[in-house]
Amino acid sequence: MSQGSTSLPPRTSSRQTPSKPNKQKKQKKKRSILKTFFVLLFGLLLIVAAALVYLVFKTDDAIKQIGADNNTVVIPEGESVKEKAVGLVIMGLDSRTHGGGLNTDVMMVASFNPTSKTATVVSIPRDSRIDVDGYKTRKANGYYAAFYNTAIKDGMKKEAAHAEAKRHMREMMSDFFGIDVKYSAVINFQGFVDVVDVLGGVEVDVDMRMKYKSKADGTDIDLQKGFQVLDGDDALDFVRYRQSNDGTNMSSDFDRNKRQSDVLGALADKMKSLGGITKIDKVIDAVGDNMTMDMPSSEIKAMIASYFGMGRSDITFIPLEGDWKSPYVYLDDQKLAEARSALQAKMAE
């Protein structure tokens, strides 16, 4: 060290070693925060669990309302819809205050396969001529009413008559398509309207200007052409539209069937979305008030569990086509054969 230098005092640290009481305070504070966090988390889990229990019981009541009496029904092992492909006939009834009746103006036959979690749905034009051995030739939309009225004339009560009509529809469609149509579902138009509204509407491409009004049955259709979100009433008008009052912009049953497929596909995608999932209880409530099935309630729940989340890409829609020769649509033989093969193939996957 040079002569002119002076020694410096030892450097002292400005950091003080925390005392033991301070450490204990911080540890207690951390434990308090963690305790509060876990209490909140546990409370949140309880709320979620309670909501799920409420949802289960609520939807269970709605499903019981939809399904057949299942207290005496035992599903054999391997025969449940969650394990085996199933065929359904789906019928839509016009339940409007003005007019309406038992004609099934919407009719579809579907095959659902739980292995691939996919479905094939065939739409049948309402005026289709149906020829099946053992059944009188009629338009497709007139069979359910005929079966029901015959049962009433035979002395059956209304509920039993509806069950008899469904049985005949299953058997007839099984013969017509060459598959085992095990169950049937009947939904009135109000159910369709309510489901669309619950899901916040449905986006579709309205293919033409649609304007038609009838005082006889209260119909008042007024839709502009183009992509748009339709509420339930407008969506029903869209799939039902046939003609305008001035004879322009006419629409065939084949157009209607395509629109039905488009709307059902869009609804399937909405149900698959997060928004749709959170509204499943409201959807089931809407359906429960407007739909009946001859499927046991336990099988309806199994079907919902097996196919929930299925979107438009998982469903093959096949609208039947043909030629109109009053008073029938004569179905195209090749298209009908293709539809039969598709339904049969889906059952066999």
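None of the figures in this text is laboratory data; all of them are computed from the coordinates on show. Just so it is clear, the model here is predicted, and its values are computed rather than measured. Positions of Cβ are backbone-derived with ideal geometry, glycine not excepted, and every protein chain shown enters the neighbour counts.
So which trypsin sites (Lys or Arg not before Pro) in region 193-235 end up in coil per DSSP with only 16 or fewer other C-beta atoms within 10 Å?
On the way: sites: Arg209, Lys211, Lys213, Lys215, Lys225; in loops: Arg209, Lys215, Lys225.
Those that pass, being in a loop and sparsely packed, are Arg209, Lys215, Lys225.
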Practice item. Evaluate the distance, in nm, between pseudo-label points positioned 7 Å from the Cα of Lys153 and of Ser116 along their respective Cα→Cβ axes. Key: 4.3 nm
Check your understanding: Ordered by residue, what ³J(HN,Hα) values in Hz, to whole numbers, does region 307-321 give under the Karplus form 6.51 cos²θ - 1.76 cosθ + 1.60, where θ = phi - 60° and Gly and Pro are x?
Key -> 10, 5, x, 6, x, 4, 5, 8, 10, 9, 9, 10, x, 5, 10
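About its Cα centre, how strong a charge dipole does region 175-253 have in debye, to the nearest 20, once Lys and Arg get +1 and Asp and Glu get -1 at the Cβ?
Values: 8 positive and 16 negative charges, 55 e Å.
With Lys and Arg at +1 and Asp and Glu at -1, about 260 debye.
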Revision key, fill the gap. Which residues qualify? For Lys82, with a placed amide H closer than 5 Å and at least 5 residues away or on another chain, they are none
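Taking a cut-off of 24 Å, what percent of all Cα-Cα pairs in region 67-348 are separated by more than that?
Working: 20105 of 39621 pairs.
Taking all Cα-Cα pairs of region 67-348, the fraction more than 24 Å apart is 51 percent.
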Study note, to complete from the structure: Residue-ordered couplings for region 338-344, obtained by feeding phi - 60° into the Karplus form 6.51 cos²θ - 1.76 cosθ + 1.60 and rounding to whole Hz (Gly and Pro as x), are 5, 5, 4, 4, 5, 5, 5
Point to revise | Farthest toward positive dipole pole in region 67-348 [+1 Lys/Arg, -1 Asp/Glu at C-beta], among Thr115, Tyr135, Thr248 | key: Tyr135
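Sort largest first and round to whole Å: the equivalent ellipsoid semi-axes of region 135-245, each the square root of five times a Cα gyration tensor eigenvalue.
Details: eigenvalues 221, 56, 45 Å².
Over the Cα atoms of region 135-245, the ellipsoid semi-axes are 33, 17, 15 Å.
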Exercise for review: Return the FRET efficiency for the residue pair Asp332, Met250: r is the Cβ-Cβ distance, R0 is 22 Å, and the value is rounded to the nearest 0.05.
Suggested key: 0.60
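Place the peptides 119-125, 184-190, 135-141 in order of packing, highest mean first, counting for every residue the other Cβ atoms within 10 Å and averaging per peptide. Spell out each step's value before the answer.
On the way: 119-125: 24.4, 184-190: 20.9, 135-141: 16.7.
Peptide ranking by packing, descending: 119-125, 184-190, 135-141.
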Check your understanding: Non-local amide H neighbours of Arg138 (under 5 Å, H modeled in plane, Pro and chain starts lacking H): which ones?
Key -> Ile130
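With +1 on each Lys and Arg Cβ and -1 on each Asp and Glu Cβ, and nothing else charged, work out how big the dipole of region 67-348 is about its Cα centre, in Debye to the nearest 20.
Numbers: 36 positive and 43 negative charges, 41 e Å.
For this selection, approximately 200 debye.
Considering only DSSP beta bridges whose two residues both sit in region 67-348, what percent are antiparallel, to the nearest 5?
Working: 32 of 46 bridges.
So the antiparallel bridges amount to about 70 percent of the total.
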Check your understanding: Mind checking the dipole of region 127-277: about its Cα centre, +1 per Lys or Arg Cβ, -1 per Asp or Glu Cβ, Debye to the nearest 20?
Key -> 440 debye
Check your understanding: Using r as the Cβ-Cβ distance of Thr278 and Glu349, and R0 as 30 Å, what FRET efficiency do you calculate, to the nearest 0.05?
Key -> 0.45
